[in-house]
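J.: There's a structure below that I have some questions on.
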Amino acid sequence: MITHARRFARLAPIAMLVALLVLPAGAPSAQDFIVGGSLSTSFSVDSNLGLEDEEDDFSYGNTTTVGFGATLRSEEAVANLNTSLGLRFFGGSDTAEDIDIFTPALNGGATVTFGRVTTDSRINFRLDNVAFTEFDVDGGLNSEGIDVDANARRLDFGFNQGVSYAISRRNSIVTTAGVAITRFFETDDELENSRTLSAGVSFNRQLSERTTVSLSSSFSAIDVSDFEDTSSRSFTATVGVDRTVSDQLSLSAAAGARLSRTEENVPVLSFEDGVPVISLVRETDTNLGATGSFGLTYEAPRTTLSLSLSNDLSPNSEGEIEVVTALSASLGRRLTERSSFGLQASISRRSDQGSSFNDEGGERYFLQISPGFSYQLTQNWNARLSYSFRADDDDGDRSVSNAVTLGFSRPLRILD
């Protein structure tokens, strides 16, 4: 399976690039081909970048990013490819000591329709410093007992492919497959690599013009390259509904069950001829639990609002497979023609999926609140001032962070 995953990871970017190159030639009805870019720079100060318990990890720095993107639209296809290259300079603390790193990123997608069949391909790639990837709602790094090099890097790669077939005017079936790979560099084996393979199928029934119900099932395989050689296999079945309440408000919800099987090597102490010997024994833990999700989207001329609730399995940076429940919200409000206000908030709970193997399984809670104010300085330049509060509770070990960021950005028009 590992060999197939590596081949998939190598072929995915090639398949995406071929799609983007072939689409223009095969779409004579193309209506739009746009090439653009962006330039941004920001200056930040953070009272506790690494969320240390002692709260003395003050840091400051600058991030500058140049991005380019291309979008193709036709009657049959939509394709986009975005790439960016950033440069970070940070200092002032142990976590951010002498950080100077290029941060390349790439994401793209292609949606093509052939009669009743629609294919959707998505790819993403990101390389960044661990200090800017682990201490957030998606991370799982515990500061206690973990000593990570200041220039440790994390690479994320993902590819997802979906195929939809319209059985009739109201019925459709959707199949999906994906791979997500995480690799760490310069971490002295403190952080663990992981790979997730997933596949799913969904039957959708449109009850009315505004309401669709679905029956879905999915399978995921998570493998972690750690000392315990942790792995998890899970099967999920859900019932969902999507409802367009009005032209501005839409809702989605799903609920169901998840059966998971987690395996890892557990050290066991035994005695041979009176000599203590530690050996690894493969242990298995099976869990049956509930899962679900909820989403809300509201879009008005001057106000946007989104709310999401999710529950899923995810590998963290320390080689543990966890159940992650996350609630996030985003609010945007245009104040005047030149100014706007934004607010993002999230809270998550992480618990060890394999905690029954030992007595170390616990819970971690993370809260982040980030308000921001944006102002259009000129026709091309925009400024944004934001504040971010983070709080982490890891089995009673609490830490907080306060950060302020001032940024400037502008679009780069190349071809439209």
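The values are calculated or read from the model by the stated rules, or taken from the named source; none is laboratory data. Note that the structure is a prediction, hence the values are computed from the model and not measured. Note that we place each Cβ from the backbone using ideal geometry, even for glycine, and neighbour counts take in every protein chain shown.
J.: Which one is modelled with the highest pLDDT, of the residues in segment 143-161 that are assigned to a loop (DSSP other than H, G, I, E, B) and among the acidic types (Asp, Glu)?
T.: Step by step, filter segment 143-161, then rank; the result is 149.
J.: Hey, does segment 216-226 have a residue that's within 19 Å of residue 119 (Cα to Cα), assigned to a strand (DSSP E or B), among the β-branched types (Val, Ile, Thr) and in contact (Cβ under 8 Å) with a residue 60 or more places away in the chain?
T.: No - not one qualifying residue is present in segment 216-226.
J.: Residue 287 passes all but one of (1) in contact (Cβ under 8 Å) with a residue 12 or more places away in the chain; (2) surrounded by fewer than 16 Cβ atoms within 10 Å (Cβ to Cβ); (3) in contact with a Lys or Arg (Cβ under 9 Å, 6 or more places away or on another chain); which number fails?
T.: Evaluating residue 287 over (1) in contact (Cβ under 8 Å) with a residue 12 or more places away in the chain; (2) surrounded by fewer than 16 Cβ atoms within 10 Å (Cβ to Cβ); (3) in contact with a Lys or Arg (Cβ under 9 Å, 6 or more places away or on another chain) leaves (2) as the failure.
J.: Looking at residue 339 and the list (1) more than 23 Å from the chain's Cα centre (by Cα); (2) farther than 30 Å from residue 244 by Cα, which single condition is not satisfied?
T.: Of the numbered conditions (1) more than 23 Å from the chain's Cα centre (by Cα); (2) farther than 30 Å from residue 244 by Cα, the odd one out for residue 339 is (2).
J.: When segment 71-129 is examined, which residues are found to be modelled with pLDDT of 90 or more, among the acidic types (Asp, Glu) and outside any strand (DSSP E or B)?
T.: none
J.: Pull up segment 162-214, narrow it to residues that are at pLDDT below 95, surrounded by 14 or more Cβ atoms within 10 Å (Cβ to Cβ) and among the basic types (Lys, Arg), then point me to the one that is nearest to residue 252 (Cα to Cα).
T.: 195
J.: One residue is enough: does segment 318-336 have a residue meeting the conditions polar (S, T, N, Q), more than 27 Å from residue 179 (Cβ to Cβ) and touching a Gly at 6+ places or on another chain (Cβ under 8 Å)?
T.: There is at least one residue in segment 318-336 that is polar (S, T, N, Q), more than 27 Å from residue 179 (Cβ to Cβ) and touching a Gly at 6+ places or on another chain (Cβ under 8 Å).
J.: Can you spot a residue in segment 370-393 that is under 30 Å from residue 326 (Cβ atoms), part of a loop (DSSP other than H, G, I, E, B) and not β-branched (Val, Ile, Thr)?
T.: No; the residues of segment 370-393 include none that is under 30 Å from residue 326 (Cβ atoms), part of a loop (DSSP other than H, G, I, E, B) and not β-branched (Val, Ile, Thr).
J.: Among the residues of segment 392-416, what is the count of those that are in contact with a Lys or Arg (Cβ under 8 Å, 6 or more places away or on another chain) and either at positive phi or at pLDDT below 90 (or both)?
T.: 6
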